[in-house]
Amino acid sequence: MVPMEAHIPTNRDREGRKYKSFEGVRDKSGKFRKSEETKVVCRFCGSSNVVKFGYNITKEGKKQRYKCKDCNAKFTPTSKLVKPIKFNLNHKDVEQVKTKELRKLCKLIKEAIYPYLDFKLHYTAKYDTNKFLDLLTHVAMNHDFTENGSKTFRFVMKENTPSADTLLYHIKKFSVEELKKSFMKAFEEIFRIAKKNNVFKKKKLDVAVDLHDWLYYGDKNDLMVCETKPQKGTMHCFRFATINIVEGGRRFTLLAVPMSVFSQKHEVLDELLSYAKKKININNVYVDRGFFNVKCIQVLQKHKVKWLMPAVQNTAIKKLMKEYNAPKILEYTMGRKNFDQAKFKLVIVNDESEVKRVFATNLNVREANARYLFDLYGKRWGIETSYRVKQDFKARTTSKRYVVRFFYFMFSACLYNLWILANILVGLAVLKFIPKEPFITAKMFGVMLYTICSFLDPGGG
């Protein structure tokens, strides 16, 4: 009788001992060890460079989740949902195709988007608009001041480039209204390119509205200066209201609106929602507690959107929190009799630390699933992430001229949208799907954008 082990393929290690053949990796001692990761390949790009990445909870139980280090895709090991791309990518292939596609996109950006930001230069001018925007992109990517950034830019490009004084001179010629119209046209062109590539194919998208304060250390009486809570040695700022898509991989800034000390929040909210509804189908609107007032809630109700925001814990709200145990849903009326009023739901719910929180909403929520509101409102942190990235695209300045500050902020928002567009279009070209996490770093995109001129115009400015 033939021993059972004789039917099992065997090999010998360095010491002559037999071991069973299996898929695995050789450790430092030279022995093979079974590795579960070596059996799994990315179902998007076919790479075996994958690591474990938590679990998916399904009806059948836990399923191991993986992340591909080459294409950043997250998946469970199944091939039923998404077809792998036609060619087998390794890390080198991904980088080569990514660079090629990014270079093509940067060329498209300069041809299609930059004309909307025209500096209206005289035909005898030494530098064109592209050179000024390249300089500003370089300064922003290094988070530098224009004076020093113009010097390092000249060193990097190894050619004559605009000086800081020349750039600021041309920016100061604009009016705020001119810049607002120019950047809005640039944003709309970005959305047009995105729609053309079916980026907004999803029927409804979640959006978030927020206020962004750019701290200011000058005179409080300067144009457009607003007051904010004391922080970092000042209580003054320039304020911008934005509305962002907060879906993974599509976090575009739809619109940014400057605010002054006389701006009314409900009017700004109305402008943002009116514009966003023309561009996309809105699913849920996430708003911070700064908009918790009668007029803002009336605006949300006027637009007939589903909305969610944390309630300000004023005296009336605190009284209800003491009176009711969580979870509890109450019909609440804000405002005084014979004046403007707004009716909505107040949801009292405990967070993970069993601390009572209160949400205001018109969503169809029940007490049994009230904690789900934390997950929904968590989407709003996408707008905070976008602000952090915008900081990477924003040049530093000490200028007191509001038009300079406004140009820098709007240009950072424009670069941010272009970066999101680059991740989508290059991701589609390389991976055949829209990556939910950045496929291209902000630094790589910015450097490619301002150096692409060497490929387009070898002769310089």
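Quick notes on this structure:
- Estimated inter-spin distance, GLN313 and SER274, nm [label 7 Å along Cα→Cβ]: 3.7
- 10 Å binning of all Cα-Cα separations within the range 182-275, expressed as whole percents from 0 upward: 14, 39, 29, 15, 4
- Added length on full extension, which subtracts the Cα-Cα distance from 0.36 nm per residue, PHE145 to ASN198: 15.3 nm
- Charge dipole of the range 321-378 (Cα centre as origin; +1 on each Lys and Arg Cβ, -1 on each Asp and Glu Cβ, all else neutral): 280 debye, rounded to the nearest 20.
- 5 Å-binned pair-distance histogram of the range 332-445 (Cα, whole percent): 2, 9, 13, 12, 11, 10, 11, 15, 12, 5, 1, 0, 0
- Efficiency of FRET from Cβ geometry, LYS343 and LYS229, R₀ 22 Å, rounded to 0.05: 0.15
- Distance violations [Cα-Cα > 23 Å] among LYS181/LYS279; LYS265/LYS322; LYS201/LYS306; LYS110/LYS443; LYS181/LYS220: LYS265/LYS322; LYS181/LYS220
- Distance between the pseudo-spin-label points of THR398 and TYR324 (7 Å out from Cα toward the beta carbon): 5.4 nm.
No lab work stands behind these numbers, since they all come straight from the coordinates. Here the structure is a predicted model, which is why all the values come from computation and not from measurement. Here Cβ is always computed from backbone atoms with ideal geometry, including for glycine, and neighbour counts include all displayed protein chains.
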